[in-house]
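Sharing a structure below in structure tokens format, with a few things to ask.
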Amino acid sequence: MPSEPLSLDDLDLDLIGENLDAITIDPALPAEMSYTATANDKGERLDKLVSNMRPDLSRGHVQRLIEEGNLTINGAIVKSGYKLREAELIHLIVPPPAPLAHLAPEAIPLDVVYADDDIMVINKPAGLVVHPAPGHYSGTLVNALLYHVPNLNINGNIRPGIVHRLDKDTSGLLVVAKTDKALNSLIGQMKEQSTLKEYTVLVEGNVQPPAGIIDAPIGRDPKARKQMAVVHNGRPARTEYKVLNYFARHTLLMARLHTGRTHQIRVHFAYMGHPVTGDPVYGRRKSTLNLKRQFLHAALLGLALPSTGEYREFQAPLPPELEKALAEAQNLE
């Protein structure tokens, strides 16, 4: 696939949960695209190539697109295991997600940090899934939004107002659009990288140097399809960090996102050899602290209000369980 950005390449699209196969398509990427196979692609399986280059599409999703005739080679329908030849034309069509008419408003409490007629800034607790997925249509942030903001329906999107996402077990600040105008404004700001997203992170070990930028592409892990990894053919990913404090076995960091790849902070620090404390996927199976979630908190969010253009920053303090874990890290020898 082309190496240049396809569209809204730097839109923050952190996916929720651990079941990436259940995630719907990435609205920031084109619904239709063509690509001519290169010499480097020769012999590659069609489903593998496309799923590697489109991290929003699982291999199972790509295989369904092939079966439905939405992914073709030189205009012809082939099998998922088709081995590519140089100069063959790949054409991909990704149909829009089917509307989930059975989504119901739910009276789920929300910690609203800021609200006006255009947006809401929410302090999401760990454990709250952001948007519905097949087999999981209730108890999500979207269900809560439909209750707190009646008649919310932006572009008919099944994730109304969701511009960026946090993993299920990541807490902190999330902005939600209430109107089409606000949605377009926020997407534009994220594309231009004019928003500010800073996370408080506790990782394993002693991070050196004390400040820097991790610049390493991220894509699906070829050995574990439901996980992400630093891979040579992944999408560009940059995470800036600064050490806030060193402890005996851990490092407390501020991490700032310059891109928004799936599980970016978790993948980048695991790649450095310093996985996020409490992360059961990219870190140790058992946390070194008495912590039942990953120590990752979206602490600061800066953006221009769509209504006025005024730049505002919002902050969210560490939740009690992370404060407790931090105190425990300080007392370790």
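The values are calculated or read from the model by the stated rules, or taken from the named source; none is laboratory data. The model shown is predicted, which means the values in this text are computed figures rather than measured ones. Please note: Cβ atoms are built from the backbone with ideal geometry, for glycine as well, and neighbour counts cover all protein chains shown.
Can you tell me which of ARG285, ARG225, ARG261 is in a loop (DSSP other than H, G, I, E, B) and farther than 26 Å from SER194 by Cα?
Numbers: ARG225 fails: in a loop (DSSP other than H, G, I, E, B); ARG261 fails: farther than 26 Å from SER194 by Cα.
Exactly one residue qualifies, and that residue is ARG285.
Would you say ALA126 is modelled with pLDDT under 90 and either more than 24 Å from GLU321 (Cα to Cα) or in a loop (DSSP other than H, G, I, E, B) (or both)? Before you say what the answer is, go through the steps one by one.
Details: modelled with pLDDT under 90: no; either more than 24 Å from GLU321 (Cα to Cα) or in a loop (DSSP other than H, G, I, E, B) (or both): yes.
No: the conditions fail for ALA126.
Using the structure shown, decide if LYS223 is surrounded by fewer than 17 Cβ atoms within 10 Å (Cβ to Cβ), farther than 22 Å from SER171 by Cβ and of a type outside the set (Gly, Ala, Ser).
Numbers: surrounded by fewer than 17 Cβ atoms within 10 Å (Cβ to Cβ): yes; farther than 22 Å from SER171 by Cβ: yes; of a type outside the set (Gly, Ala, Ser): yes.
Spelling it out, LYS223 is indeed surrounded by fewer than 17 Cβ atoms within 10 Å (Cβ to Cβ), farther than 22 Å from SER171 by Cβ and of a type outside the set (Gly, Ala, Ser).
Looking at (1) in contact with a helix residue (DSSP H, G or I) (Cβ under 7 Å, 6 or more places away or on another chain); (2) surrounded by fewer than 23 Cβ atoms within 10 Å (Cβ to Cβ); (3) closer than 29 Å to VAL50 by Cα, which is the only condition GLN193 fails?
That leaves (1) as the condition not met.
Scan region 234-248 for residues that are exposed (fewer than 14 other Cβ atoms within 10 Å of the Cβ) and assigned to a loop (DSSP other than H, G, I, E, B) and report the count.
Residues in region 234-248 being exposed (fewer than 14 other Cβ atoms within 10 Å of the Cβ) and assigned to a loop (DSSP other than H, G, I, E, B): 1 in total.
Name the single residue, out of those in region 195-222 being of a type in the set (S, T, N, Q) and over 18 Å from the mean Cα position of the chain (by Cα), that is farthest from PRO280 (Cα to Cα). If you could, list the steps in order and put the result at the bottom.
Going through region 195-222, the residues of a type in the set (S, T, N, Q) turn out to be 195, 200, 206, 208.
If we keep only those that are over 18 Å from the mean Cα position of the chain (by Cα) as well, we get 206, 208.
Details: ASN206: 20, GLN208: 23 Å.
Applying the filter and picking the extreme gives GLN208.
Here are some conditions: (1) β-branched (Val, Ile, Thr); (2) over 30 Å from ASP117 (Cα atoms); (3) crowded, with 16+ Cβ neighbours inside 10 Å. THR262 meets all but one. Which one does it not meet?
(2)
Quick one: which of ALA133, ALA126, ALA211, ALA229 is aliphatic (A, V, I, L, M), within 24 Å of LYS292 (Cα to Cα) and in the same structural domain as LYS286 (by TED's automatic domain parsing)? Spell out how you get there, then give the answer.
Details: ALA133 fails: in the same structural domain as LYS286 (by TED's automatic domain parsing); ALA126 fails: in the same structural domain as LYS286 (by TED's automatic domain parsing); ALA211 fails: within 24 Å of LYS292 (Cα to Cα).
Answer to the selection: ALA229.
Condition check: in contact with a helix residue (DSSP H, G or I) (Cβ under 8 Å, 6 or more places away or on another chain), among the hydrophobic types (A, V, I, L, M, F, W, C), at negative phi and outside the structural domain of GLY60 (by TED's automatic domain parsing). Does ALA224 satisfy that?
Numbers: in contact with a helix residue (DSSP H, G or I) (Cβ under 8 Å, 6 or more places away or on another chain): no; among the hydrophobic types (A, V, I, L, M, F, W, C): yes; at negative phi: yes; outside the structural domain of GLY60 (by TED's automatic domain parsing): yes.
Spelling it out, it is not the case that ALA224 is in contact with a helix residue (DSSP H, G or I) (Cβ under 8 Å, 6 or more places away or on another chain), among the hydrophobic types (A, V, I, L, M, F, W, C), at negative phi and outside the structural domain of GLY60 (by TED's automatic domain parsing).
Within region 279-288, can one find any residue that is out of contact with any Asp or Glu (no Cβ under 8 Å at 6 or more places or on another chain) and crowded, with 23+ Cβ neighbours inside 10 Å? Break it down into steps so the answer makes sense when it comes.
Step one: of region 279-288, the residues out of contact with any Asp or Glu (no Cβ under 8 Å at 6 or more places or on another chain) are 279-280, 282, 285-287.
From what's left, crowded, with 23+ Cβ neighbours inside 10 Å: 279.
The answer is yes; a qualifying residue exists.
Touching a helix residue (DSSP H, G or I) at 6+ places or on another chain (Cβ under 7 Å), among the hydrophobic types (A, V, I, L, M, F, W, C), under 23 Å from LYS226 (Cβ atoms) and modelled with pLDDT under 95: which single residue out of VAL50, VAL142 fits that description? Break it down stepwise before answering.
Values: VAL142 fails: touching a helix residue (DSSP H, G or I) at 6+ places or on another chain (Cβ under 7 Å).
Only one candidate passes the filter, namely VAL50.
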